[in-house]
Amino acid sequence: MKKTKQLRELIESKQLEFIMEAHSALSAKIVEEAGFKGIWASGLSLSAALGVRDNNEASWTQVLDILEFMSDATSVPILLDGDTGYGNFNNARRLVKKLEQRDIPGVCIEDKLFPKTNSFIKGEAQPLADINEFCGKIKAMKDSQNDEDFVVVSRVEAFIAGWGLKEALKRAEAYRQAGTDAVLIHSKRSDMTEIEAFMKEWGNRLPVIIVPTKYYSVPTDKFSDLGISLSIWANHNLRSSITAMQKTSAQIYCDKSLINVEKNVSPLEEVFRLQKAEELDMAEKLYLSSA
Ligand code: SPV
Ligand code: MG
């Protein structure tokens, strides 16, 4: 099934679904092998892996190049965290065109200003986009997609910026009327009170997506009870790799030896398997007369 259709089915499915963060082709492949039906190309993780901040320091074409590797390495759909769409409606609609060309089936845009800042850094100091301008951006994106199943998700940052429920609902409804396929409602609280209040008023006007990074201790059953469509585990491959790499580097530095790490790291065979080395071996037998 084409990736756009897969992503649409995930978002519209009646039951709660999950996607997991990746920031490279390797991590994307690992997400797919773990069983996830979709991948979150996190802006935070992509930028961190590039050694820059989550402030649009990496250009959108640099992000696109990584996405192409991620998409080539996997068969499940990728939802790109497209920040603000990297500019106004015109930049955002060009982004849609380029994503479709590279088989990236969907993008999430957030109602902040370019260059954005991560929602967990001084959220309340962050200005929100003008509602009408953001609706124009959604419309332009939906009007420019070629594949009817391409997905545009609109992320409401009203709770993050401290504007409260009324503003969150007003924005979500405006984005629905502008033609978005789903709403992502974000919260930085450690409980789900904001999300719960939103869901009670929202009903099921459109699928709702959440990012429970800060309310990680809330049982997942609660997400289903509230009628959430999709939950994004947004940065846990990046963070687990940081922990693993720090541990390994420190151990090798300290020991001046590999003796204490060999048993704790993936064998080289696993690296070769993930790279599909075997397929090249077979292809050489087929196509290289000398092999
Ligand atoms: C990301 O993963 O980059 C996100 C989610 O946008 S958050 O970091 O929670 O803003
Ligand atoms: Mg982000």
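The values are calculated or read from the model by the stated rules, or taken from the named source; none is laboratory data. Everything numeric here is computed off the predicted structure, so don't read it as measured data. With ideal geometry, Cβ positions are generated from the backbone for all residues, glycine too; neighbour counts draw on all protein chains shown.
Can you pull out the residues in the range 55-80 that are buried (at least 21 other Cβ atoms within 10 Å of the Cβ), closer than 24 Å to residue 120 by Cβ and either of a type in the set (Ser, Thr, Tyr) or touching a residue at least 60 places away in the same chain (Cβ under 8 Å) (or both)? Within the range 55-80, 78, 79 meet the criteria.
Taking the range 89-127 as the range and being away from ligand 2 (no atom under 12 Å from the Cβ) and β-branched (Val, Ile, Thr) as the test, the residues that pass are 96, 104. For the range 58-98, a tally of residues being within 16 Å of ligand 1 (Cβ to nearest atom) and either on the phi > 0 side of the Ramachandran plot or of a type in the set (Val, Ile, Thr) (or both) returns 7.
The residues listed here are 148, 133, 167, 173; of these, the one that is modelled with pLDDT of 95 or more and not in a helix (DSSP H, G or I) is 148. Residues being surrounded by fewer than 16 Cβ atoms within 10 Å (Cβ to Cβ) and in contact with a Leu (Cβ under 9 Å, 6 or more places away or on another chain): count how many of those fall in the range 103-129. Going through the range 103-129 one residue at a time, the tally reaches 3.
For the range 53-86, which residues satisfy the criterion of being more than 13 Å from ligand 2 (Cβ to nearest atom) and aliphatic (A, V, I, L, M)? Residues satisfying the conditions are 64, 66, 67, 70, 73, 76, 78. Checking each residue in the range 179-225 for being among the polar types (S, T, N, Q), closer than 20 Å to residue 39 by Cβ and touching a helix residue (DSSP H, G or I) at 6+ places or on another chain (Cβ under 9 Å) picks out only 213. Within the range 235-268, being crowded, with 16+ Cβ neighbours inside 10 Å and touching a helix residue (DSSP H, G or I) at 6+ places or on another chain (Cβ under 7 Å) holds for 235, 237, 238. Any idea which residue in the range 65-121 is nearest to residue 23 (Cα to Cα), counting only those that are in contact with a Gly (Cβ under 8 Å, 6 or more places away or on another chain) and of a type in the set (Val, Ile, Thr)? Applying the filter and picking the extreme gives 78.
Looking only at residues in the range 22-48 that are in a loop (DSSP other than H, G, I, E, B) and closer than 26 Å to residue 206 by Cβ, the one that is nearest to ligand 2 (Cβ to nearest atom) is 42. Can you find a residue that is of a type outside the set (Gly, Ala, Ser) and part of a helix (DSSP H, G or I) anywhere in the range 202-214? Looking for residues that are of a type outside the set (Gly, Ala, Ser) and part of a helix (DSSP H, G or I), one finds at least one in the range 202-214, hence yes.
Residues that are aliphatic (A, V, I, L, M), over 20 Å from the mean Cα position of the chain (by Cα), closer than 30 Å to residue 176 by Cβ and away from ligand 1 (no atom under 16 Å from the Cβ) within the range 196-249 comprise 197, 199, 226, listed in sequence order. Scanning the range 1-21 for residues that are within 13 Å of ligand 2 (Cβ to nearest atom), assigned to a loop (DSSP other than H, G, I, E, B) and either surrounded by 18 or more Cβ atoms within 10 Å (Cβ to Cβ) or acidic (Asp, Glu) (or both) turns up nothing.
Taken together, 113, 128 contain a single residue that is under 23 Å from residue 177 (Cα atoms) and within 20 Å of the chain's Cα centre (by Cα), which is 113.
Of all the listed residues (15, 6), the sole one being in contact (Cβ under 8 Å) with a residue 60 or more places away in the chain and touching a Pro at 6+ places or on another chain (Cβ under 8 Å) is 6.
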